[in-house]
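The values are calculated or read from the model by the stated rules, or taken from the named source; none is laboratory data. The model shown is predicted, which means the values in this text are computed figures rather than measured ones. Heads up, the Cβs are rebuilt from the backbone with ideal geometry, glycines too, and the neighbour counts pull from every protein chain shown. Just the protein is used for accessible areas: all its heavy atoms, side chains included, with ligands, DNA and RNA removed. Shrake-Rupley method; radii C 1.70, N 1.55, O 1.52, S 1.80 Å.
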Amino acid sequence: MQPLPGFRDFLPDDCAQRDYITTQWRRSAKCYGFVEFDGPALESAELYEKKNSGGEILSQLYSFRDRGERSVVLRPEMTPTLARIIGSHHRSFLKPLRWFNIGHCYRYEKPQRGRLREFLQLNCDLLGESSPAADAEVIGLLIDIFKSVGLGPRDVVIRLSDRLVWQQFLQDHDLPDEKMREILHIVDKIEREPQSKTEEKLAACSSSLSVKMLQQFIKEAKAPSLAPLLQELSARGLRDYIQVDLSIVRGLAYYTGVVFEAFSLQGGLRALAGGGRYDHLIHHLSDGAANMPAVGFGMGDTVLLDFITSIPSAAEKKASYLAANAPCQIYLVIADETYREEAIMLASQLRREGWRVLFPLSTERVSKQFSNAQAARATLAIVIGAEWPLLKIKHLNTREEEEITPEHLFKKLAGELQSRQGTFP
Ligand code: HAM
């Protein structure tokens, strides 16, 4: 039997790759002072249906009745859960808060490259601060995550926009605020849908607007409200990554100002990440108990991994992480069974020091042991045989060999550990 469409099995190699992504996510988030939080995967349907949270996501919910007749939903995103938690606990924390989460989300989307029905999403959100410095901090973190996996300004772009610019556009065209959601929905799809469909939708919403007017506005309008943020990003040396693009409005309903999406410059892939400012959601979801401006983003694992694999320098970086974290570092080759007990003692001692060590569990030919060592991606083989207590070390990558006593072996390994910060061999 296969997993359901859009769901994945994770074999050990897939887990190792996921570990690479989540390690870089965690490391970058922590560098910006973000702390990890978590919440349940199953939430009350009310959280998504009653309040202002959704957008397209509402048509993609995994929703059902549980055995207690509660209407429940597998979370399609983390932001409403975060807003709910903050609404109940905000008094216990000093503002601003910097919180991140890595967790599974569920959307009944058409499974395709970079889009699944169960995916891992990183969320980083800065709450309780409305200044552009907060927006810059969050976008800076997003860019640092790309840098951490070897992606630079020639690989990714952050397309930046401001919904307030669109609000002004509606006012200038005498359109009521209620039309905002419809217009934003049309703009969100303008690049992906055929023009005839956009025209049709626009005609249903306004008689005074045309697709041409929208396209011209996207091309020519300025967004002066973004100037302070752009300045902040320049001060961080990140301006190269940013492109102001008013066609970015985001599909979710709750954004109130700055919005952004990260894309590959190679084209082809869906957005790598997306986020923005949502200054009213916490107020809405806490029934007024808390009121806090907020800005953040979400990033999925699959589209990022696909992209890394297609960029040689990023793929190399991933490969060297995977090699350094291979399942085995040291393989003990037992060339003479008389010394099995000594080999086991040596293995135990090495493991106590934190090395990842394997040895054959039953009698094996020496050549078979060496191929097992290669298969486990060990970098060092230590041969224990008739010369005991003298050991033979073989570096499996360079084929270099040397003879050494156990005492010197430990000294040597301790030195290597220090000089390579724990990644040796
Ligand atoms: P979103 O744009 O819906 O935003 O998703 C953010 C990212 O999650 C996407 O850019 C993509 O990397 C990943 N993603 C979304 N759907 C899928 C899918 N079906 N399969 C794989 N990956 C997917 C949000 O979710 C907002 N809650 C983000 C946010 C946080 N805004 C403020 N704070």
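Remarks
- Considering residues of region 101-126 that are at pLDDT below 95 and assigned to a strand (DSSP E or B) only, the residue nearest to the ligand (Cβ to nearest atom): ARG115
- Checklist (1) open to solvent by 30 Å² or more (accessible area, probe 1.4 Å); (2) near the ligand (Cβ under 10 Å from one of its atoms) applied to GLU129, failing item: (2)
- Residues of region 168-215 satisfying the condition of being in a loop (DSSP other than H, G, I, E, B) and among the aliphatic types (A, V, I, L, M): LEU175, ILE190, LEU209
- Inside region 167-205, residues that are under 22 Å from SER225 (Cβ atoms), open to solvent by 80 Å² or more (accessible area, probe 1.4 Å) and basic (Lys, Arg) make up a count of 1.
- Of the set (1) away from the ligand (no atom under 12 Å from the Cβ); (2) of a type outside the set (Ser, Thr, Tyr); (3) in contact (Cβ under 8 Å) with a residue 24 or more places away in the chain; (4) open to solvent by 40 Å² or more (accessible area, probe 1.4 Å), all apply to ASP13 but (3).
- The set of residues in region 271-289 that are assigned to a loop (DSSP other than H, G, I, E, B) and either near the ligand (Cβ under 7 Å from one of its atoms) or surrounded by 21 or more Cβ atoms within 10 Å (Cβ to Cβ) (or both) comprises ALA271, LEU272, TYR278.
- Residues of region 95-111 classified as under 12 Å from the mean Cα position of the chain (by Cα) and over 19 Å from ASP9 (Cβ atoms), total: 3
- Only residues that are open to solvent by less than 40 Å² (accessible area, probe 1.4 Å) and part of a helix (DSSP H, G or I) were counted in region 290-320, giving 10.
- One residue from LEU122, LEU126, LEU97, LEU116 being in contact (Cβ under 8 Å) with a residue 12 or more places away in the chain and either more than 24 Å from VAL258 (Cα to Cα) or aromatic (Phe, Trp, Tyr) (or both): LEU116
Let's see how each residue does on (1) open to solvent by 30 Å² or more (accessible area, probe 1.4 Å); (2) out of contact with any Phe, Trp or Tyr (no Cβ under 7 Å at 6 or more places or on another chain); (3) touching a residue at least 24 places away in the same chain (Cβ under 8 Å):
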| residue | (1), (2), (3) |
| --- | --- |
| GLY33 | yes, yes, yes |
| PHE37 | no, no, yes |
| LEU42 | yes, yes, yes |
| LEU47 | no, yes, yes |
| GLU56 | yes, yes, yes |
| VAL73 | no, no, yes |
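- A search for C-beta distances below 6 Å between a residue of region 174-199 that is free of Cβ contacts under 8 Å to residues at least 40 places away in the same chain and any residue that is assigned to a loop (DSSP other than H, G, I, E, B) and among the aliphatic types (A, V, I, L, M), counting only pairs 6+ apart in sequence or on different chains, returns THR198/ILE190.
- Pair list, Cβ < 7 Å and 6+ apart or interchain, from region 246-266 residues that are farther than 26 Å from LEU305 by Cβ to residues that are within 10 Å of the ligand (Cβ to nearest atom) and assigned to a loop (DSSP other than H, G, I, E, B): ALA253/SER53; TYR254/SER53; TYR254/TYR278; TYR255/TYR278; THR256/TYR278
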